Amino acid sequence: MFAYSYSRYGGPEVLTKVTLPTPAPGPNEVLIRIVATTVSAGDWRARSLTMPKGLGLMGRLVFGISGPRKPVLGTELSGVIDSVGAGVTMFKPGQAVVAFPGVAFGGHAEYIAMPADGKLALKPDNLSFEMAAALPFGGTTAYDFLVNKAPLQAGETVLINGASGAVGTACVQIAKHLGAEVTAVCSGKNAAMVSALGADRVIDYTVQDFAAGDVQYDMVVDAVGTAPFARVNTALRPGGRMVLIAGETSDMLFGALKARMKGKRLIGGVAKESRALLQAVVDLAAAGHLTPVIDKVYPFEDMQAAHRHVDGGHKKGNVVVLVDPNKGAQ
């Protein structure tokens with residue numbers, strides 16, 4: 001099978017198209033023929049080893065000291081079950097699925113073997129393969145923070161900083177589904193898009209600082225790491241919560257203490273990865289409450305170009321790579 005591999009950290013040029021053996025599913029695994037995958041923020045961070053200041057060593061411990069521990073990137077995908085192991089009963093060949101290898105990576109290839117009881121779900125009929133591939137990373141991150149870690153309640157006010165990215169667009173939709181009043185922060189060129197997703201108000205960060213006014217929120221979500229607690233503090237009502245999906249090292253380490261001293265809360269950490277979380281967002285998508293936003297779709301041959309677009313830091317929603325054009329848009 002063809003796959004994209006890298007042996008050193010760096011820009012998109014470190015990716016090389018290689019031929020690897022097609023994996024054989026184990027007794028409790030399924031083999032998926034990949035139709036579409038994405039280039040996510042997780043892929044960008046692992047490939048470039050771009051870490052928050054002070055966490056460079058941590059990055060190497062996670063991704064590989066002297067070089068990448070996982071040579072094939074790709075955190076999420078959609079595809080078709082090609083074959084199943086002898087002990088698998090919950091899936092069968094021919095079924096369309098959504099899969100979330102997450103930190104195990106492996107999606108930038110033509111095939112992937114995954115545990116049948118792992119992060120897999122049947123693809124909803126109302127999602128194309130491209131849209132289904134773009135669902136797990138942003139969707140499960142937004143769901144875990146807004147539903148599990150810092151439960152957002154109906155009627156609360158929430159500001160989402162970085163509302164036009166993969167996580168941000170999912171946050172807007174899930175927050176609206178939960179019944180919150182949503183203020184989205186993004187560039188003016190993306191205002192119409194996030195409004196269409198359900199945002200009640202949009203702030204163009206290029207002309208207005210959301211923290212400079214008198215408006216306060218029950219929750220502020222930072223999905224892109226540009227709103228440290230020192231800035232967010234004034235935008236939170238007493239007892240309000242800051243949700244730190246991405247941010248500065250000092251906030252990651254000491255943010256909870258800093259917030260408590262101001263009579264507020266900071267909720268951070270890493271989004272969980274689980275079959276239950278994936279199924280929850282798949283169910284939301286099947287019901288029409290969550291629609292992945294796609295910025296661009298690249299052919300498999302243009303994997304480097306897809307990574308280069310993500311490196312630019314201004315993608316809208318998700319960047320998809322179509323591995324099997326014969327199944328695309330189905």
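The values are calculated or read from the model by the stated rules, or taken from the named source; none is laboratory data. Quick caveat, the model's predicted, so the values are computed rather than measured. Cβ sites come from the backbone with ideal geometry, for glycine too, and all protein chains shown count toward neighbours. These area figures cover heavy atoms from the full protein model, side chains too; ligands, DNA and RNA do not enter into them. Shrake-Rupley method; radii C 1.70, N 1.55, O 1.52, S 1.80 Å.
Here are the numbers:
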| read-out | value |
| --- | --- |
| Dipole of segment 247-330, positive direction: furthest Cα of His309, Thr249, Ala276, with charges on the beta-carbon | Thr249 |
| Whole-Hz couplings from phi, Karplus 6.51/-1.76/1.60, listed for segment 185-201; x for Gly and Pro | 10, 7, 6, x, 5, 9, 4, 4, 5, 5, 5, 5, 6, x, 4, 7, 8 |
| Distance (nanometres) between label positions extended 7 Å along Cα→Cβ at Asp311 and Lys92 | 4.6 nm |
| Under the Karplus curve 6.51 cos²θ - 1.76 cosθ + 1.60, θ = phi - 60°, whole-Hz ³J(HN,Hα) for segment 5-11, x wherever Gly or Pro sits | 10, 9, 10, 8, 7, x, x |
| Heavy-atom surface of the chain, accessible at 1.4 Å and reported per residue (Å²) | 42 Å² |
| For segment 157-197 versus segment 299-330, the gap between their alpha-carbon centres in whole angstrom | 22 Å |
| Relative contact order, percent, segment 55-166 [alpha-carbon distance under 8 Å, six or more residues apart] | 24 percent |
| Entries of Lys70/Lys316; Lys176/Lys264; Lys149/Lys264; Lys272/Lys315; Lys92/Lys123; Lys189/Lys296 with Cα pairs more than 19 Å apart | Lys70/Lys316; Lys176/Lys264; Lys272/Lys315 |
| Cβ-placed point charges (K, R +1; D, E -1), dipole of the chain about Cα centre in debye, nearest 20 | 780 debye |
| Contact order relative to length of the chain, as percent, for alpha carbon pairs under 8 angstrom and 6 or more apart | 20 percent |
| Order by protection proxy (mean Cβ within 10 Å, highest first), peptides 301-313, 90-102 | 90-102, 301-313 |
| At R0 = 41 Å, FRET efficiency that the Cβ-Cβ distance of Ala287 and Val103 yields, to 0.05 | 0.90 |
| Ellipticity estimate at 222 nm from DSSP helix runs (n ≥ 4, -39,500 (n - 2.57)) divided over the chain, nearest 500 | -7000 deg cm²/dmol |
| For Kirkwood radius over Cα pairs in Å, calculated from these coordinates, the label among [x] 21.7; [y] 20.7; [z] 20.2 | [z] |
| Magnitude of the charge dipole, segment 1-105, Cβ model with Lys/Arg +1 and Asp/Glu -1, debye to 20 | 340 debye |
| Cβ crowding within 10 Å averaged over residues, with 246-252, 222-228 ranked highest first | 222-228, 246-252 |
| 25 °C / 0.890 mPa s Stokes-Einstein diffusion coefficient of segment 33-125, Kirkwood radius on C-alpha pairs, µm²/s | 171 µm²/s |
| Rounded FRET efficiency, nearest 0.05, which uses the C-beta distance separating Leu122 from Ser83 and R0 of 22 Å | 0.85 |
| Theoretical FRET efficiency, 1/(1+(r/R0)^6), r = Cβ-Cβ of Val207 and Ile65, R0 30 Å, to 0.05 | 0.10 |
| Packing rank of 284-290, 69-75, 259-265, 36-42, where each peptide gets the mean count of other beta carbons within 10 Å, highest leading | 36-42, 69-75, 284-290, 259-265 |
